[in-house]
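The values are calculated or read from the model by the stated rules, or taken from the named source; none is laboratory data. A quick note: this is a predicted structure, and the numbers were derived from the prediction, not measured. Here the Cβ positions follow ideal geometry from the backbone for every residue, glycine too, while neighbour counts run over all protein chains shown.
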Amino acid sequence: MALILERRGTTLVPEPIIPSVVLGGTAVARAGSAAQKERLLAPVLEGQGTLALACSERESRHDVSRVATTAEQSGDGYSLSGEKVWVLGGDCADHVIVSARTGGAVDEAAGVSLFAFDPGADGVKVEPLKTMDGRRAAHITLEGVKVGPDALLGDAGSAAPLLEEVMDLGAAAACAEGAGLLESAFEMTREYLCERQQFGAKIGSFQALQHRAVDMFVELQLAKATMLLAALKVDADADERRKAISTAKVQLGQSGKYITAQAIQLHGGIGVTDEHDVGLFYKRMNVLMALFGDEEHHVARFTSLSGFERSAE
């Protein structure tokens, strides 16, 4: 999957692979029954449907256990109430997988459950949103949405560890797509330096610009190497997985900012217009850096897992 996402990132293909397959699809594949997999995953595999995972709330930041959305027993089913924000692909998904609390306090891991529902059901309000990179997300409000017992994925109250793992898979996927994106941004810039003439010479012959291109290449290799490490460690011990993915996400933040900013600047005036594709890569990279935990979040997680204390500085 990492290799597919990397190639996909080189051309900014806008297919919902991360929202539908990596997030929603993994949640169903890991927690769903055979009947639920047939009902929810088969259409995705056939290219006839999409999924979305709704687990972020206004005050949850990157903590999937902080869930205020509730799922109360209603007959033999449940009644869902709450709000989810920035649901990737949530504006057009055929089914949404939502985290809701069947027990415990708002910030407890125990008591978090997963439910699948139809976004066209009564009581569901979907507010489409346009993201920075021109793609789509949604805020979804649930007001007493009735679902049957077959909507519950897995055992009630046990979904928090799975959600954390799915968010890590999403972060690894963002790193994979980002590596491909940075490759294209670098190659696009290198080609421009070899073609653009100024002062009677190709600007790529200027040593100062060559040094910046070399720095871009180094950052690209760092992003690719840590992305591959994260992809290799997704099935490892939980702490090893977390460390590898946080390392890759931090490196994506550092390399992503540097390479795309240099690409814009080295293209000159055309780089800040909508007429050149380099700006599209810049916008998508900023979204990838923020998804599934930004650089600050993953630095904090890595230092915590490694037993380090961050200094005030």
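Would you check if there is a residue in segment 260-277 being closer than 30 Å to Pro161 by Cβ and at pLDDT 95 or above? No, that holds for no residue. When residues in segment 192-218 are screened for being within 20 Å of Gly180 (Cα to Cα) and either outside the structural domain of Ala179 (by TED's automatic domain parsing) or not hydrophobic (A, V, I, L, M, F, W, C) (or both), 3 of them pass. Filtering segment 43-81 to residues that are over 22 Å from Lys146 (Cβ atoms) and either assigned by TED's automatic domain parsing to the domain that holds Leu291 or in contact (Cβ under 8 Å) with a residue 12 or more places away in the chain (or both) leaves Pro43, Val44, Thr50, Ser56, Arg58, Arg61, His62, Asp63, Val64, Ser65, Arg66.
In this structure, does Asp168 turn out to be closer than 30 Å to Ala31 by Cβ, touching a residue at least 12 places away in the same chain (Cβ under 8 Å) and surrounded by fewer than 13 Cβ atoms within 10 Å (Cβ to Cβ)? No, not satisfied.
The residue list Lys37, Lys84 contains one member that is under 19 Å from the mean Cα position of the chain (by Cα) and either modelled with pLDDT of 95 or more or not assigned by TED's automatic domain parsing to the domain that holds His139 (or both), which is Lys84.
Need the failing condition index for Val98 against (1) of a type in the set (A, V, I, L, M, F, W, C); (2) touching a helix residue (DSSP H, G or I) at 6+ places or on another chain (Cβ under 9 Å); (3) within 27 Å of Gly47 (Cα to Cα), just the number. That leaves (2) as the condition not met.
Residue count for segment 147-165 under the criterion of being within 15 Å of the chain's Cα centre (by Cα) and surrounded by 21 or more Cβ atoms within 10 Å (Cβ to Cβ): the result is 1.
Among the numbered conditions (1) modelled with pLDDT of 95 or more; (2) out of contact with any Lys or Arg (no Cβ under 7 Å at 6 or more places or on another chain); (3) buried (at least 17 other Cβ atoms within 10 Å of the Cβ), the only one that Ala71 does not meet is (2). All of Ala248, Ala208 fail the test of being within 20 Å of the chain's Cα centre (by Cα) and either assigned to a helix (DSSP H, G or I) or surrounded by fewer than 24 Cβ atoms within 10 Å (Cβ to Cβ) (or both), apart from Ala248. Taking the conditions exactly as written (under 17 Å from the mean Cα position of the chain (by Cα) and part of a helix (DSSP H, G or I)), does Gln221 satisfy them or not? Taking the combined requirement at face value, the residue does not satisfy it. It is to be established whether one or more residues within segment 186-195 are in contact with a Leu (Cβ under 8 Å, 6 or more places away or on another chain) and either closer than 29 Å to Phe302 by Cα or modelled with pLDDT of 95 or more (or both). Yes, segment 186-195 contains at least one residue that is in contact with a Leu (Cβ under 8 Å, 6 or more places away or on another chain) and either closer than 29 Å to Phe302 by Cα or modelled with pLDDT of 95 or more (or both). The set of residues in segment 130-146 being basic (Lys, Arg), surrounded by 17 or more Cβ atoms within 10 Å (Cβ to Cβ) and part of a strand (DSSP E or B) consists of Arg136 alone.
For the subset of segment 31-65 comprising residues that are surrounded by fewer than 18 Cβ atoms within 10 Å (Cβ to Cβ) and touching a strand residue (DSSP E or B) at 6+ places or on another chain (Cβ under 9 Å), which member is nearest to Asp91 (Cα to Cα)? Among those residues, the one meeting the criterion is Gly49.
Of all residues in segment 59-101, those satisfying the criterion of being more than 16 Å from Phe117 (Cβ to Cβ) and touching an Asp or Glu at 6+ places or on another chain (Cβ under 7 Å) are Val64, Ser65, Arg66, Ala68, Val85.
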